[in-house]
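What follows is one structure encoded as structure tokens, with my remarks underneath.
The values are calculated or read from the model by the stated rules, or taken from the named source; none is laboratory data. Everything numeric in this text was worked out from a predicted model, so none of it was measured. Please note: Cβ atoms are built from the backbone with ideal geometry, for glycine as well, and neighbour counts cover all protein chains shown. SASA here: full protein model, heavy atoms, side chains in, ligands and nucleic acids out. Shrake-Rupley method; radii C 1.70, N 1.55, O 1.52, S 1.80 Å.
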Amino acid sequence: MKIQDPPGEDLHPIINLYTQGFLQQALSESSQMLERFPNSIILYNIAGASNSGLMQFDDAIESYKQALKIKPDYAEAYYNMGVALTNKDDLEGAIDSYKQALKIKPNYAKAHNNMGVTLTDKGNPEAAIDSYKQALKIKPDYAEAYYNMGVALTNKDDLEGAIDSYKQALKIKPNYAKAHNNMGVTLTDKGNPEAAIDSYKQALKIKPDYAEAYYNMGNALKNKGNPEAAIDSYKQALKIKPDYAEAYYNMGVALTNKDDLEGAIDSYKQALKIKPDYIGVYSNTCEAYEKSNKLAELSEVISRAKAELKEFTDDLLLYEALYYFRSNNYEHSEKLISLVNIDQLNLIRRPKFLQLKAKLHHYQKNYKSAFNSFAEMNHSVINSSDYKGNEAQVFFDELLNRSQQLKNIVETPYSQSLTELSIDTPTFLIGFPRSGTTLLDTILRTHSKIDVIEEKGMISKAQLHLGNKLSIVDIENLTNVELANAKEIYFKEMEKFVSTKSGGCVIDKLPLNIIDVPIIHKLFPTAKFILVLRHPLDSILSCWMQLFRLNPAMSNMVELDRIVDFYGEAMTILELSEKRYSLDVHRIRYEDLVLDMKLEVSNLLMFLELGWENELEDYQKTAMKRGIISTPSYSQVIEPLYKTASYRWEKYRKSLEKYFVKIEKWTTKFGYEL
């Protein structure tokens, strides 16, 4: 068939319409001209490209086929048909088209490149990489081929190779924003968020309206433990792309990480407005409502998920089981949890599934099965990347060293002026984790003259200024200037959290401040301490049964042997500190508190020089108003006082007997029995 294309003066206006984006006009003009020039391959090619741009892929493919009838060796038509077939999700058809183009024109670099992209989409990165290599043999300065090869290498988990490919692309094309962005994604995956953030910043210098780069930078900042900066990045992404559901989702995650559950829930709601079938958002919203003790809202989200989603996932089934467990319907909870396939759960939710199974066994008085499920839960945590990145052993070694330092100097002379009588001196609420500090915190914050600041690490901030590696001797020899500067940092941090209550006291509640008593005493020599105690084996067992947010300290709470040793060292530090520094300590036992709350709290208030208030007896209202309670006790402190948690360890006696020798000293000291 003889090719007959229109003269240039007729073609150029149509080509200009296409290149300027007037696709419908270009299609209309080319179709009309095809009536005069039915054997024009250029007109069919323009019609095909215009149809593709208008998302009319079947019509585009038909146009390319017409061009190929006229000119069977028209490589560009096969190439363009491959693009249209890819857009139609016909990857096999696209690959065949690119192969035809390459039979005709073996040095067609763009066809090799697009063949690689299609093979990557088809899940064959090895073959894709071969295609990119062919493209680069033909065109060594083909930045896009290096970029696409980086994507394929990432898909086959060769992160180093991917980074090298992006570097090559950027050597050729330094202002290649997409390459900078993908380099950042790969560096994030490689565990290098700092370098990733630099890459995203480069992408944004080149393309300031690059929503994906802001989004990815938010993810890197979130992974780096900087949720505030991450939230700012997500907000920037959403300014550019308001319908960016993934940005709302991850902003919700970052808000959760900074304990702003209300803000997280709002973000998740926005994500669902944009994408009503966003599975992950439903799971995270369930988590936020459950942690906020909003069970009615949790039930509503579960119902909505059932209505909106084609498939009710195992993650959502877990939260439905948890809802019924929290509603004391253990029989239905057990029925639902039996339907959950742990292998189908998100990795981060597998420990929660095992914990719920364990709790159900406990309520059925099947303590052996409960113990085994708690052991599985902790094994799952130990195998997580979060646990591995927290250096639990390093923290524990430092704890041992601190304890030994006190043993070495406890009998040596020590004196400190106690003239510090500032009205700003806080009281410190300490104790081993899971001893009842959150319950006492909730009761005390109901008092009109008490501010409780919950687990904000203000002492850690002051220590960081002084130098975290200070020995006990170094601490005892700090100068007045150093102490004044550290206290200034402490109080500046405190101002962020203290409320408007006046004329009373501020309580710094962080149980593990028990191991930082030497620095607390040095900073605040007249400070009072409230020590919350519970049967040592109940505290230890309860720690082992919880899912703490992991950090270097709490990563030591997943193995019973380690928790027992941790307890002994923490109590040794307190005992030696009391002996050396003559601390002002009020002890309150959890078991006594739940038996006679009014008596125990009245005695404590006398220690704080405050009077009893009747509102204290209705402390659950305070708990419900708090929103998030950032400890594993969030679901317990909204309930009436119950005694079932006292001496729970006895139900697991056989599994705990081997620890009696190490614990006996502390049970005797604190008035408990084994």
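Yes/no per residue for (1) over 40 Å from the mean Cα position of the chain (by Cα); (2) closer than 18 Å to residue 52 by Cα:
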{"site": "89", "(1), (2)": "no, yes"}
{"site": "101", "(1), (2)": "yes, no"}
{"site": "123", "(1), (2)": "no, no"}
{"site": "131", "(1), (2)": "no, no"}
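If you scan region 427-441, which residues turn out to be β-branched (Val, Ile, Thr) and crowded, with 24+ Cβ neighbours inside 10 Å? Steps first, please.
Kept after step one, since they are β-branched (Val, Ile, Thr), are these residues of region 427-441: 427, 430, 437-438.
Across region 427-441, the qualifying residues are 430, 437, 438.
Regarding region 547-564, can at least one residue be identified that is in contact with an Asp or Glu (Cβ under 6 Å, 6 or more places away or on another chain) and over 22 Å from residue 468 (Cα atoms)? Give the steps one after another, and end with the answer.
Let us first name the residues in region 547-564 that are in contact with an Asp or Glu (Cβ under 6 Å, 6 or more places away or on another chain), namely 550, 552.
Adding the requirement that they be over 22 Å from residue 468 (Cα atoms) leaves none.
So far as region 547-564 goes, no, none of its residues is in contact with an Asp or Glu (Cβ under 6 Å, 6 or more places away or on another chain) and over 22 Å from residue 468 (Cα atoms).
Could you figure out which of (1) modelled with pLDDT of 95 or more; (2) over 31 Å from the mean Cα position of the chain (by Cα); (3) open to solvent by 60 Å² or more (accessible area, probe 1.4 Å) isn't true of residue 655?
(3)
Can you tell which of 315, 266 is part of a helix (DSSP H, G or I) and open to solvent by 20 Å² or more (accessible area, probe 1.4 Å)? It would help to see each step written out before you state the result.
Details: 315 fails: open to solvent by 20 Å² or more (accessible area, probe 1.4 Å).
Step by step, each of 315, 266 is checked, and only 266 is part of a helix (DSSP H, G or I) and open to solvent by 20 Å² or more (accessible area, probe 1.4 Å).
State whether the residues of region 320-333 include one that is open to solvent by 50 Å² or more (accessible area, probe 1.4 Å), in contact (Cβ under 8 Å) with a residue 40 or more places away in the chain and not aromatic (Phe, Trp, Tyr).
no
Could you check region 181-197 and list, in sequence order, the residues that are in contact (Cβ under 8 Å) with a residue 12 or more places away in the chain, open to solvent by 10 Å² or more (accessible area, probe 1.4 Å) and not polar (S, T, N, Q)?
Of everything in region 181-197, those that are in contact (Cβ under 8 Å) with a residue 12 or more places away in the chain, open to solvent by 10 Å² or more (accessible area, probe 1.4 Å) and not polar (S, T, N, Q) turn out to be 183, 185, 187, 189, 190, 193, 194, 197.
Would you check if residue 457 is surrounded by fewer than 19 Cβ atoms within 10 Å (Cβ to Cβ) and under 25 Å from residue 590 (Cα atoms)?
Values: surrounded by fewer than 19 Cβ atoms within 10 Å (Cβ to Cβ): yes; under 25 Å from residue 590 (Cα atoms): yes.
In short, yes.
Which helices (runs of 4 or more DSSP H) does region 95-176 wholly contain that include 1 or more residues that are of a type in the set (Asp, Glu) and modelled with pLDDT of 95 or more? Give the derivation first.
Details: elements: 109-121, 125-138, 143-155, 159-172.
Passing ranges, in order: 125-138, 143-155, 159-172.
Among the residues of region 371-421, which ones are open to solvent by 80 Å² or more (accessible area, probe 1.4 Å) and of a type in the set (Ser, Thr, Tyr)?
Once the filter is applied, which keeps residues that are open to solvent by 80 Å² or more (accessible area, probe 1.4 Å) and of a type in the set (Ser, Thr, Tyr), region 371-421 yields 385, 415, 419.
Can you list the helices (runs of 4 or more DSSP H) lying wholly within region 468-586 that have 3 or more residues being over 21 Å from residue 455 (Cα atoms) and open to solvent by less than 20 Å² (accessible area, probe 1.4 Å)? Spell out how you get there, then give the answer.
Values: elements: 472-476, 480-494, 517-523, 536-545, 560-581.
So the answer is 536-545, 560-581.
List, please: which pairs have Cβ atoms under 9 Å, are six or more places apart or on different chains, and start with a residue in region 260-273 that is within 13 Å of residue 246 (Cα to Cα) and end with one that is open to solvent by 90 Å² or more (accessible area, probe 1.4 Å) and in a helix (DSSP H, G or I)?
Note: pairs meeting the criteria are 272/304.
Between 459, 453, which is in a helix (DSSP H, G or I), in contact with a helix residue (DSSP H, G or I) (Cβ under 7 Å, 6 or more places away or on another chain) and either of a type in the set (Gly, Ala, Ser) or at pLDDT 90 or above (or both)?
Details: 453 fails: in a helix (DSSP H, G or I).
One residue alone meets the criteria, 459.
For the subset of region 538-580 comprising residues that are within 30 Å of the chain's Cα centre (by Cα) and of a type in the set (Ser, Thr, Tyr), which member is nearest to residue 225 (Cα to Cα)?
555
Checking residue 434 against (1) assigned to a loop (DSSP other than H, G, I, E, B); (2) over 28 Å from the mean Cα position of the chain (by Cα); (3) charged (D, E, K, R); (4) at pLDDT 90 or above, only one condition comes out false. Which one?
Of (1) assigned to a loop (DSSP other than H, G, I, E, B); (2) over 28 Å from the mean Cα position of the chain (by Cα); (3) charged (D, E, K, R); (4) at pLDDT 90 or above, only one is false for residue 434: (2).
Over 30 Å from residue 139 (Cβ atoms) and open to solvent by 60 Å² or more (accessible area, probe 1.4 Å): does that describe residue 178?
Working: over 30 Å from residue 139 (Cβ atoms): no; open to solvent by 60 Å² or more (accessible area, probe 1.4 Å): yes.
No, not satisfied.
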